[in-house]
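Read-outs: derived from the displayed coordinates by stated rules, not from any lab. Not measured: the values here are computed from a predicted model. All Cβ positions, even for glycine, are placed from backbone atoms using ideal geometry, and neighbour counts span all protein chains on display.
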């Protein structure tokens with residue numbers, strides 16, 4: 001009898017310890033989100049060091065590549081300092097931030113006015129002259145915070161040509177999304193404060209991540225319209241767009257063409273983060289360009305080379321498990337160069 005009582009006691013203790021562990025993880029997730037939001041507020045108030053001091057020394061970062069490499073906070077300080085010097089009114093504006101366990105994902109819109117010379121060594125010894133224009137660019141961040149609340153791993157996903165085209169370092173290039181532009185509030189902006197708060201506490205993390213995995217596991221070019229509301233809100237450069245099922249179906253031609261050029265193409269979820277109705281994933285795509293194809297009327301000759309590129313997605317799901325709004329961020333330059341659609345850097 002005493003043995004049975006002891007076993008029941010031990011079982012209850014294990015359950016309590018497990019529950020406490022889960023609670024601690026969730027506490028860390030909310031702690032990490034608040035640390036990040038506090039840093040953003042301080043950065044926007046002019047305290048740039050709040051950003052740099054959030055990073056371990058060194059920390060791991062993708063630095064525009066599909067792999068991580070050691071990075072010093074001083075490297076970030078140099079790049080960001082050059083931007084802030086050129087745009088003294090620079091601001092980072094997170095549209096959405098979600099956290100789960102040690103990971104945080106967010107979509108950031110940067111703004112500033114290019115009123116001072118931009119000096120950054122990779123662009124040469126001469127500073128780029130200011131054009132006094134408003135500059136806007138977007139990034140998606142996947143950050144892992146350690147037990148001390150410091151970032152030890154960072155994936156920053158963006159199309160740098162959007163920023164550098166506006167400051168004159170690259171030829172101008174504009175981002176775009178399929179769909180019809182939406183005037184006024186869209187997506188999460190139309191939710192009441194209570195509805196928005198509830199979207200982070202619905203407890204649908206597992207369902208939404210499973211939906212992501214199912215969507216990503218489809219053959220390239222498959223019909224994915226059943227995963228989205230009709231229409232859904234797609235956030236792109238310049239604002240929000242309403243995308244119908246028919247418009248989404250038209251986009252399937254692009255991945256289908258890639259699969260023809262790279263029959264061994266794979267898609268890996270490098271990072272996933274989910275909170276309530278929200279889910280985010282960092283995708284790494286890789287394939288061997290082994291087949292000649294007609295790419296929308298353009299003949300492309302196979303090179304036998306492996307092409308690897310990345311993009312990130314943040315989605316909000318409705319009660320039925322449909323995606324109702326979506327952010328996509330990535331740089332297609334490695335893909336386009338690998339296929340020979342645009343010339344390689346320096347050529």
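Quick notes on this structure:
- Alpha-carbon centroids, the range 30-81 and the range 273-347: separation in whole Å: 25 Å
- Fewest-first ordering of 211, 119 by other beta carbons within 10 Å of each residue's beta carbon gives 119, 211.
- Inter-part distance where the range 117-196 and the range 208-245 are each reduced to a Cα centre, Å: 22 Å
- What the pair-distance distribution of the chain shows, using all Cα-Cα distances binned every 20 Å from zero, is 26, 56, 15, 2, 0 percent.
- Separation in nanometres of the label points that stand 7 Å from Cα toward Cβ, at residue 79 and residue 121: 1.4 nm
- For the pair residue 134 and residue 218, a Förster radius of 56 Å applied to the C-beta separation gives a FRET efficiency near 0.90, rounded to the nearest 0.05.
- Working note: Cα atoms of the range 109-148, range along each principal axis, descending, whole Å: 42, 24, 16.
- Translational D in µm²/s for the range 180-339 (Stokes-Einstein at 10 °C, 1.306 mPa s, Kirkwood Rh from C-alpha pairs): 94 µm²/s
- Global geometry of the range 261-347, whether rounded, prolate or oblate, following the gyration tensor of its Cα atoms and the 1.5 cut on a/c: prolate
- The slack in the chain from residue 302 to residue 202, taken as 0.36 nm per residue of separation less the alpha-carbon distance, amounts to 31.3 nm.
- Label-zone membership for the range 271-291, site residue 192, 7 angstrom Cα→C-beta point, backbone N under 20 Å: 277
- By other beta-carbon atoms within 10 Å, ranking 325, 153 with the fewest at the front produces 153, 325.
- Share, in percent, of DSSP beta bridges within the chain that are antiparallel, nearest 5: 90 percent
- Estimated [θ] at 222 nm from DSSP helical runs (n ≥ 4, -39500 (n - 2.57)) normalised by residues in the chain, nearest 500: -10000 deg cm²/dmol
- Neighbour-count order for 57, 277, 264, 102, fewest beta carbons within 10 angstrom listed first: 264, 57, 102, 277
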